[in-house]
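Below: the structure, in structure tokens.
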Amino acid sequence: GGEAAAALPRTTLMIRNLPRWLTRDDILETLHREGCLDLLDFLYLPVLFGPELNFGYAFVNAVSQEACERLQARFRGFNRWDANRALTEEEAEGADVDSTSVLQGWRANVQHFRNSPLMHHWAPDSCRPVVLENGVRVPFPPPTRRLRPPRIRPRA
């Protein structure tokens, strides 16, 4: 019931206040540079198709509760994404990190995305979530049903 669910470790973090120009690969590179890449097994950065600007937040799943706490401590207030890019005043305040994501854990995140149109071959790889093992990207688990192509919405 609810008590058992509440007792499960919360390992999926939402990282907010990211620079909009940041790409998924920029985040992976930063995690590598900061020595944290092996602490996570899932990363998703929602982006707009077309300009591929992100929405200012990403989801990461830590491999353990301890890894989650280390990621939170390391990236709360973090703003050293790219020394060659200027940050807005808000971005310079740094990232905000919390574990309030509805989806928690590797399995829940993978199950949510494996049959998503994002995983269709028409969707650019840079827009898809990734899974990692020991800091190395591995193939995303295959879909369990036929994937619909992504709908590209016109920009207003």
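Against the condition free of Cβ contacts under 8 Å to residues at least 12 places away in the same chain and closer than 22 Å to Ser126 by Cα, how does Pro19 come out, does it pass?
no
Which of the following residues is at pLDDT below 95, touching a Leu at 6+ places or on another chain (Cβ under 8 Å) and within 22 Å of Leu31 (Cβ to Cβ): Asn79, Asn84?
On the way: Asn84 fails: touching a Leu at 6+ places or on another chain (Cβ under 8 Å).
Residue meeting the stated conditions: Asn79.
For the stretch 38-58, what are the residues that are crowded, with 18+ Cβ neighbours inside 10 Å and either modelled with pLDDT of 95 or more or out of contact with any helix residue (DSSP H, G or I) (no Cβ under 9 Å at 6 or more places or on another chain) (or both)? Before you say what the answer is, go through the steps one by one.
Residues of the stretch 38-58 crowded, with 18+ Cβ neighbours inside 10 Å: 39-45, 47, 54, 58.
Hits for the stretch 38-58 are Leu39, Leu40, Asp41, Phe42, Leu43, Tyr44, Leu45, Ala58.
Please report, ordered by residue number, the strands (runs of 3 or more DSSP E) entirely within the stretch 77-141 with at least 2 residues that are in contact with a helix residue (DSSP H, G or I) (Cβ under 8 Å, 6 or more places away or on another chain) and crowded, with 16+ Cβ neighbours inside 10 Å.
Correct list: 130-133.
Scan the stretch 10-21 and give yes if some residue there is surrounded by fewer than 19 Cβ atoms within 10 Å (Cβ to Cβ), in contact with a Phe, Trp or Tyr (Cβ under 8 Å, 6 or more places away or on another chain), among the basic types (Lys, Arg) and modelled with pLDDT under 85, otherwise no.
Scanning the stretch 10-21 turns up no residue that is surrounded by fewer than 19 Cβ atoms within 10 Å (Cβ to Cβ), in contact with a Phe, Trp or Tyr (Cβ under 8 Å, 6 or more places away or on another chain), among the basic types (Lys, Arg) and modelled with pLDDT under 85.
What is the one condition in (1) within 20 Å of Gln111 (Cβ to Cβ); (2) of a type outside the set (Asp, Glu); (3) surrounded by 16 or more Cβ atoms within 10 Å (Cβ to Cβ) that Arg74 does not satisfy?
Here Arg74 clears every test but (1).
The values are calculated or read from the model by the stated rules, or taken from the named source; none is laboratory data. Computed from a predicted model, the values in this text were never measured in an experiment. Cβ atoms come from the backbone with ideal geometry, glycine included; neighbour counts cover every protein chain shown.
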